[in-house]
Amino acid sequence: MRSIVNEIENKLKSGRRGKILFAADFSSFGLPKAVNKAMERLAESGLLIRLAQGIYLYPQIDTRLGLGVLYPTVETIAREIAKRDKARIVPTGVYALNVLGLSTQIPMNVVFLTDGAARKIKVGNGQGIVFKRTVAKNLSYKNDILMLVVAALKEIGEGNVTAEQLSKIEELISKEKGEDIMTDLQLAPAWIKKLINI
């Protein structure tokens, strides 16, 4: 066990800080159970921070401004999980509204649509990441902004979009490449196509 701890520690120290890590990243050092135990020990020693079960952070520490540990965003954690699982994800609901600046509300549970496994992960600060299975069409957008806009509008609901929200959405879309937007818009529900009306 000590040698696995040492091997992981050496690998960490030769890499960059701020990285999100999983036991699978060190699978060459031993069996999953032994690697998990070694990572738990490194978390107990303070070298790693446990973000959630089986998910760790090799922390970047800000000493210049005195901010201490720089934690990744919930979206960064979700994207790393998706990358590990070779899955696609799309932010949705209240979180999509927040990312676009259409709401200041930050949800306790950030929901992502995925073609990977459906599950809920509790993150250290009390927030949760929820992965919900969805059809391929909802994950086929090439333009991230339009993808978020569609998710946000679905959350607001047909007939509930204010003039202020629509103005903000039009401003965001106007900065994107027309070709991508036009292609992606074909994936959106009919009422959203009509509302955006490019």
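The values are calculated or read from the model by the stated rules, or taken from the named source; none is laboratory data. Every value quoted in this text rests on a predicted model; they were computed, and no experiment measured them. A quick note on method: Cβ atoms are made from the backbone with ideal geometry, for glycine too, and the neighbour counts reach across all protein chains shown.
A few remarks follow.
- All positions within segment 160-177 that are hydroxyl-bearing (S, T, Y) and under 26 Å from the mean Cα position of the chain (by Cα): S174
- Strands (runs of 3 or more DSSP E) lying entirely in segment 90-156 (those with 1 or more residues that are within 27 Å of A190 (Cβ to Cβ), among the aromatic types (F, W, Y) and within 13 Å of the chain's Cα centre (by Cα)): 109-114
- Restricting attention to segment 1-37, the residues that are of a type in the set (A, V, I, L, M, F, W, C) and within 26 Å of the chain's Cα centre (by Cα) total 9.
- Among residues of segment 50-65, those that are buried (at least 16 other Cβ atoms within 10 Å of the Cβ) and either in contact with a Leu (Cβ under 6 Å, 6 or more places away or on another chain) or among the hydroxyl-bearing types (S, T, Y) (or both), counted: 4
- Among (1) closer than 29 Å to D85 by Cα; (2) at pLDDT 90 or above; (3) under 22 Å from the mean Cα position of the chain (by Cα), the one test that P189 misses: (3)
- Inside segment 1-46, residues that are crowded, with 17+ Cβ neighbours inside 10 Å, in a helix (DSSP H, G or I) and small (G, A, S) make up a count of 2.
- Residues within segment 157-187 that are surrounded by 15 or more Cβ atoms within 10 Å (Cβ to Cβ), in contact with a Lys or Arg (Cβ under 9 Å, 6 or more places away or on another chain) and either of a type in the set (D, E) or assigned to a loop (DSSP other than H, G, I, E, B) (or both), tallied: 3
- From the options G46, G18, G93, G68, residue that is of a type outside the set (D, E, K, R), outside the structural domain of G116 (by TED's automatic domain parsing), touching a residue at least 12 places away in the same chain (Cβ under 8 Å) and at positive phi: G18
- Of the residues G126, G93, G68, the single one that is buried (at least 18 other Cβ atoms within 10 Å of the Cβ) and at pLDDT below 90 is G93.
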